[in-house]
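Nothing in this text is a laboratory measurement; each read-out follows from the coordinates by a stated rule. Keep in mind that what you see is a predicted model, and the values were worked out from it rather than measured. Reconstructed Cβ throughout: ideal geometry from the backbone, glycine too, with neighbour counts over all protein chains shown.
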Amino acid sequence: MDDTFHEYRFVKQIEGEPRLRWFYSNYFELFIWLSDGDTPVALRLCYDRGFQERAITWDLATGIVRHDIVDRGTDTIESHGPTPILIAHGKPVSAKLAERFRSTPGDVPVEFRQLVVEGLDALVHRRD
């Protein structure tokens, strides 16, 4: 894997849920859920993969944004291991993260990239 976005081409779609597109690099994972008309309805940007992974999730209809830590759980004897869960992080998003996303080349369509950049910029400047 390199520091370029690639798209998983064969993503399992769950009946009754919005269609999912999934992009990844060595630092980011971007999940975009689309309506039947291919309009984004939700986004999740995971970052710092392989270290202390965090996730920013936007519900575009409500405008609700979450910034979470991805808790991978503990290893078990199960063949697939534990299911990761999101735990509230509450820390601000850094301008460096927004810039790193902006400068990561690859397969993310311009309209999706713009949504993420706008969301990150809003979070960087948000005062809670």
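In a simple Cβ point-charge model (Lys, Arg +1; Asp, Glu -1; nothing else charged), the range 17-125 has a dipole of about 320 debye relative to its Cα centre. Between the range 1-68 and the range 86-128, the alpha-carbon centres lie 12 Å apart. Of the residues Leu86, Trp22, Ile69, the one whose Cα sits farthest toward the positive end of the charge dipole of the range 17-125, with +1 on the Cβ of Lys and Arg and -1 on the Cβ of Asp and Glu, is Ile69. Taking the helices alone, the chain has a mean residue ellipticity at 222 nm of -6000 deg cm²/dmol, built from -39,500 (n - 2.57) per DSSP H run of at least 4 residues and averaged over all its residues. Positive end of the dipole of the chain (Cβ unit charges, origin at the Cα centre): among His125, Leu45, Pro109, the Cα lying farthest that way belongs to His125. The tail of the calculated P(r) for the range 5-63, taken as Cα-Cα distances beyond 17 Å, holds 42 percent of the pairs.
When you count the other C-beta atoms within 10 angstrom of each residue and take the mean per peptide, 92-102, 57-67, 19-29 line up highest first as 19-29, 92-102, 57-67.
Only alpha carbons enter this Debye calculation for the range 17-125, each as an equal point scatterer, and the log10 of I(q)/I(0) it gives at q = 0.12, 0.19, 0.20 Å⁻¹ is -0.43, -1.04, -1.13.
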